[in-house]
Amino acid sequence: MKDEVTREERIDNLKGMGCSRKRVEDARFTQGKGNYVDDIKLDGMLFGDFVRSPYAHARIKSIDTAAALKVPGVLAVLTAADLEPLGLHWMPTLAGDKQMVLADGKVLFQGQEVAYVVAEDRYAAADGIEAVEVDYEELTVLVNPFESLQSDIILREDLVAEDGSIPAGAHGPRKHHNHIFTWDAGDKLPTEEVIANAEVVAEESMYYHRTHPCPLETCGCVASMDKVNGKLTLWGTFQAPHAIRTVVSLISGIEEHNIRVVSPDIGGGFGNKVGAYPGYVCSVVASIVTGKPVKWIEDRMDNLMTTAFARDYHMTGKISATKDGKITGLKCHVTADHGGFDACADPTKFPAGFMNICTGSYDIPTAYLEVDGVYTNKAPGGVSYRCSFRVTEAVYFIERMIEVLAIELNMDSAELRRINFIKKEQFPYTAALGWEYDSGDYHTAWDKALKTVDYDGLRAEQTKRVEDFKAGKTRTLMGIGLSFFTEIVGAGPVKNCDILGLGMFDSCEIRIHPTGSAIARLGTISQGQGHATTFAQILASEIGLPADSITVEEGDTDAQVNFSEQLADMRAAMRVSEMQKQLRQQQQTQSPTVGRAQQAAVNPAPPKAMGWWQQNQWFNAQGYERETAAARAIDVQLDLEGYDKNSDDYYNQLNSRLQKVFPELVSSNDQSM
């Protein structure tokens, strides 16, 4: 039997927020026992792989699969012609466009999927790919979005009417056959007028190059169709399993409740694994046709050539200010290269993501943003690589505009930022492009950052080096880069953020077992961020159970009922805040049967005649700081560690001691149960 445990020791034993805790995931990862998609092995499993186009733009004259079907181990070769009768040769994208599953008449980017070979093993599939003969007719390639908007060459022939007219797209009218959308925010004419009449105007053009997320693990999946009960199970490298379930349902016609999508361990995502890829669809089709599980795992070259990119924004801007440095207006135009299909992973209302946060952390009274999406002969994509929906592009734009304005004003850019920051007393603040900023103290944060790096000292050193350079004493100069940004994390509320009609919210279901352990099932999915460790710590601090007694499960659409478009840490941060809020609300409204295990208070006690709800209200009215009953019950559990938890003696002792720990609650709760 242990000595009495102090409150501090109890908090340490919880291993909640603020405590140092070893990652619970690392035990299996460091022993090579992770469960990644390519680790999944099912009886009779087949393997699929793609014939890919060597050309960025070409018409397909013919596909001969006869030789491939003679390769030992090859069972089938699928083409668009095979999928068309089933309506499976095209699939919806997350941006409201449609994309070829397998090349339908032509290819639009190098590496595009042309045929899908199904074989008994991956080596036979590779041999089958080499045996497929495709006759291509090369076409003019457009990789520059500005040239694409001027060209007579039609990239997406499926989006032009027979009479040559251009139907509207998912986001409104299109002004050219290679144009996808025009989206704007703010007030155009007032902004142009402010800039035209300004004392100082600075202009800049910049290109944020196309970037590939390049996660350590490439994309892949295993599809298994059970024809007996009509249920499809799809394991894969999915950052958004619920969205994938919806896309697969839309394409296949299988009801969503008959589709289970599972994301096992994922070796990095960075937005690259949000979208739906032809490999997923072809694997499902192959499993349905063969009645066997089918695995598809892309290689590194496939991943680099064809899976979703980030950035590729051509941005031009104008910024106006007074001679004293107060910004008066901002105008931004973006030409966005979306590749062969619009497969961006952005909320429906925001086809350019959150680019309209490009006013940054500054009090800019007038602003206007316009974005043109363009088709080119590049791989499709447009994902949130290490940011929330194009926020990185927006930050790059505004911070560069601040720098060029500082040069125009001959003013230190740190001071220019300080002059234009949104002031603490202005919050909540509504920006010129519509976003509401809830809180902040930018001036204090900025001053602390500059003091930490000794900014004045750095500027003095920079000036000295310039002087020494001019005098021929040194050939080494020093640049100083500054940046200040405000980022939207996650996505919400649902009225603003949905994909394919799916609300981009997260969910968490917590079940507490009679023995004091708990399981939390979340709509998020970790890609290496350590959710199983950190989420358990959050719950430990909130409900008073030790983190080691809490299991976290993610990434299974049968277990988590709500949609989650998990984008790594930024979504996790929003989930943390929401979990804490919900837990605190639940602690105030729990039923009596749950309450005894989860609610209590520090003395003094309320009148015993009160019921549970009245006691809660009493504590709130008195303004006392409450602690959970679970935290107090842990003292009892620690005190009973020497007992066999499966024995009657343990439960008798536990019941007796719980009554002693919560005397102020026992009688009133027993009456209400």
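The values are calculated or read from the model by the stated rules, or taken from the named source; none is laboratory data. This is a predicted model, so every value here is computed, not measured. Every residue, glycine as well, gets a Cβ built from its backbone with ideal geometry; the counts of neighbours run over all protein chains shown. Accessible surface is based on the protein model in full, side chains and every heavy atom, while ligands, DNA and RNA are left aside. Shrake-Rupley method; radii C 1.70, N 1.55, O 1.52, S 1.80 Å.
What the table below lists for this structure:
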{"item": "HN-Hα J in Hz across segment 522-528 - Karplus 6.51, -1.76, 1.60, θ = phi - 60°, x for Gly and Pro", "result": "10, x, 7, 8, 6, 10, x"}
{"item": "At R0 = 41 Å, FRET efficiency that the Cβ-Cβ distance of residue 324 and residue 150 yields, to 0.05", "result": "0.45"}
{"item": "Rg/Rh for segment 278-324, where both radii come from Cα atoms and Rh is the Kirkwood radius", "result": "1.49"}
{"item": "Nearest-0.05 FRET efficiency for residue 157 and residue 408, computed from C-beta distance (R0 60 Å)", "result": "0.80"}
{"item": "For residue 432, residues with placed amide H under 5 Å, excluding near neighbours", "result": "364"}
{"item": "Length added when fully stretched, residue 86-residue 444, from 0.36 nm per residue minus Cα-Cα", "result": "122.8 nm"}
{"item": "Accessible-area composition of segment 381-466, carbon plus sulfur, in percent [1.4 Å probe]", "result": "51 percent"}
{"item": "Semi-axis lengths (Å, descending) of the ellipsoid that matches the C-alpha gyration tensor of segment 119-174", "result": "36, 16, 13"}
{"item": "13 Å beta-carbon shell around residue 469, net charge (K/R +1, D/E -1)", "result": "+2"}
{"item": "Exposure rank, largest accessible area first [98, 451, 424; 1.4 Å]", "result": "451, 424, 98"}
{"item": "Loop sites in segment 1-109: GluC sites (Glu not before Pro), DSSP, at most 15 other Cβ within 10 Å", "result": "4"}
{"item": "Under the Debye formula (equal points on every Cα, no solvent term), log10 I(q)/I(0) of segment 137-289 at q = 0.12, 0.14, 0.20 Å⁻¹", "result": "-0.85, -1.00, -1.16"}
{"item": "With DNA, RNA and ligands ignored, accessible area of residue 366 (1.4 Å probe; Å², nearest 10)", "result": "30 Å²"}
{"item": "Pair residue 333, residue 228: separation of 7 Å Cα→Cβ label points (nm)", "result": "6.4 nm"}
{"item": "Cα-based radius of gyration of segment 389-496 once divided by 2.2 N^0.38 Å, which approximates compact folds", "result": "1.35"}
{"item": "For segment 410-535, accessible area per residue (1.4 Å probe, heavy atoms of protein chains only), Å²", "result": "55 Å²"}
{"item": "Among 249-258, 127-136, 276-285, the order from most to least packed when residues are scored by Cβ within 10 Å on average", "result": "276-285, 127-136, 249-258"}
{"item": "Karplus-derived 3J(HN,Hα), 6.51/-1.76/1.60, for each residue of segment 244-252, Hz, glycine and proline x", "result": "4, 4, 5, 4, 4, 5, 4, 7, 7"}
{"item": "Gain on full stretching of the segment that runs from residue 462 to residue 6 - 0.36 nm per residue minus C-alpha separation", "result": "158.7 nm"}
{"item": "Amide H contacts of residue 93 (H built 1.01 Å from N, under 5 Å, at least 5 apart or other chain)", "result": "98, 99"}
{"item": "Total formal charge among the other residues, if their Cβ is under 10 angstrom from that of residue 177, Lys/Arg +1 and Asp/Glu -1", "result": "+1"}
{"item": "Set of lysines near residue 106 by C-alpha distance (under 20 Å), chain-local residues within fewer than 8 positions excluded", "result": "61, 98, 378"}
{"item": "Residue 209 accessible area, 1.4 Å probe, all protein chains in place, Å² to nearest 10", "result": "100 Å²"}
{"item": "Gained length - residue 485 relative to residue 290, 0.36 nm times residue gap less alpha-carbon distance", "result": "65.0 nm"}
{"item": "Tail fraction, Cα-Cα pairs, segment 276-405, threshold 23 Å, whole percent", "result": "46 percent"}
